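Below is one structure, written out as structure tokens; comments come after it.
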Amino acid sequence: MIDLALKVDVDTYQGLRDGVPRLLDCLARRGVAASFYVSMGPDNSGKAIRRLVTRKGFLKKMLRSNAVRLYGLRTALYGTLLPAPAIASSFPETLRRTVAEGHELGIHGHDHVYWHDYAATLPERDVAAEVDRALSEFQRILGVAPEGFAAPGWQCGEGSLAALERGPFRYHSSTRGESPYRPRAGRVQGRLPELPTTLPTVDELLGEGLGEERLFEVYCDAIGKRPLDVLTVHAEVEGGPYADFFSRLLDRLADRVRFRRVGDVARELTADELPVCDVIQDTRPGRAGTVSCQSQTPAAR
Ligand SMILES: [Zn+2]
């Protein structure tokens with residue numbers, strides 16, 4: 001049986017308010033446990049609108065993927081015309097429910113937009129301050145430290161890798177790639193396992209212009225070619241307008257895969273036995289800008 005680790009990114013206030021409870025219901029009905037990574041700080045989604053006017057590819061993606069439908073108009077204005085609401089501290093009960101129902105809870109940055117735009121290039125000190133803010137919020141609400149960190153927007157650089165290695169984390173899932181590895185960025189060599197997202201996301205496939213029926217085909221074809229796949233879903237997408245699609249996808253995959261929590265897979269890995277791979281910036285079909293990816297040539301140790 002093939003392992004499929006389910007990684008749920010929660011980027012926004014609306015995602016935690018509406019998307020997470022819907023996903024929890026969907027997973028509970030199927031007896032599936034997943035890993036949730038939450039942006040612990042303010043929802044500044046409106047600032048991402050800056051990218052509308054500054055990056056050509058983003059406008060194209062917005063129009064094709066119907067981002068306002070996915071994220072809602074209010075979310076599109078948070079941090080600009082509307083004040084940025086706090087994400088995690090607005091819904092502590094939802095976070096505690098997630099853990100109580102057997103899911104893993106990790107961190108998806110503090111301010112998603114800030115991390116997405118700057119973390120790959122910031123020095124360690126600045127990223128560490130952002131990670132510390134997220135960690136103290138997590139600990140204040142949950143009373144424990146998280147094991148996993150997932151970088152917003154798959155943005156990972158020398159400074160962020162160094163900052164994450166200092167934290168309490170036991171693994172990260174911050175890049176795109178093929179299989180678990182130990183990441184190297186610039187002069188920083190990570191000691192923790194990195195479990196990259198191996199599959200395209202729904203918003204990327206929509207960004208490529210695929211319809212819903214084609215999404216099923218893409219996932220059913222792609223899943224099972226590797227011993228371990230990591231699928232990233234979004235509370236705002238698969239917990240929003242694509243909730244029905246996601247439920248049906250889980251049902252279709254149920255007899256082909258074993259659903260896993262990312263942290264459980266990470267615990268079975270021995271970091272020293274993993275290949276060391278450079279983290280490189282690359283593009284993904286259907287996604288604007290670049291994301292951090294596992295280099296396909298293992299680095300010399
Ligand atoms: Zn995200």
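Quick note: the coordinates plus some simple rules give every number you see, no bench work behind them. What you are looking at is a predicted structure, and each value in this text was computed from that prediction instead of being measured. Neighbour counts are summed over all protein chains in view; Cβ atoms, including those assigned to glycine, are modelled from backbone coordinates with ideal geometry.
Quick one, what does Rg over Rh come out to for the stretch 130-238 if you take C-alpha atoms and the Kirkwood Rh?
Dividing the radius of gyration by the Kirkwood radius yields 1.02.
For the modelled label position 7 Å from the Cα of Ile2 along Cα-to-Cβ, which residues of the stretch 191-229 have backbone nitrogen atoms closer than 13 Å?
Counting backbone N atoms under 13 Å from the label point, the list is 198-200, 217-229.
I want the antiparallel fraction of DSSP beta bridges within the stretch 73-208, as a percent rounded to 5.
35
From Cα coordinates alone, what are the radius of gyration and Dmax values for the stretch 62-206 in angstrom?
16.0, 42
Please identify, among Ala86, Ala129, Ala163, the residue showing maximal mean-square fluctuation in a Gaussian network model of the chain using a 10 angstrom Cα cutoff.
The residue that fluctuates most here is Ala129.
For the chain, what is the per residue volume of the convex hull drawn over the alpha-carbon atoms, in cubic angstrom?
Residue-normalised Cα hull volume stands at 119 Å³.
Can you give the FRET efficiency for Thr80 and Ala129, using 1/(1 + (r/R0)^6), R0 = 30 Å, r = Cβ-Cβ distance, to the nearest 0.05?
Efficiency, from the Cβ-Cβ distance: 0.80.
Could you state, as a whole-number percent, how many of the C-alpha pairs of the stretch 183-301 are farther apart than 22 Å?
44
Under a GNM of the chain (C-alpha, springs under 10 Å), which listed residue has the highest mean-square fluctuation: Asp229, Asp132, Asp203?
Ranking Asp229, Asp132, Asp203 by mean-square fluctuation puts Asp132 first.
Could you work out Rg/(2.2 N^0.38 Å) for the stretch 208-270, with Rg from alpha carbons only?
Output field value: 1.23.
Do any trypsin sites (Lys or Arg not before Pro) in the stretch 194-270 lie in a loop, going by DSSP, with at most 12 other beta-carbon atoms within 10 Å of their beta carbon, and if so which?
Passing both the DSSP loop test and the Cβ count: Lys225, Arg256.
Find, to one decimal place in angstroms, the Kirkwood hydrodynamic radius of the stretch 233-301, where the mean of 1/r is taken over every pair of different Cα atoms and then inverted.
15.6
If you build a Gaussian network model of the chain, linking Cα atoms that sit under 10 Å apart, which residue out of Gly286, Gly159, Gly143 swings the most?
Gly143
If you split all Cα-Cα distances of the stretch 90-139 into 5 Å bins from zero, what percentages do you get per bin, shortest first?
4, 18, 25, 20, 14, 11, 6, 1
Take every DSSP beta bridge whose two residues both sit in the chain, then give the antiparallel share in percent to the nearest 5.
Taking every DSSP beta bridge with both residues in the chain, the antiparallel ones total about 25 percent.
If you average over every viewing direction, what projected area does the convex hull of the Cα atoms of the stretch 148-188 give, in nm²?
Result: a mean projected hull area of 2.9 nm².
Please check the chain for the longest run free of GluC sites (Glu not before Pro) that are loop-located per DSSP (anything but H, G, I, E, B) and have at most 13 other Cβ atoms within 10 Å.
Excluding the exposed sites themselves, the longest stretch runs over 102-267.
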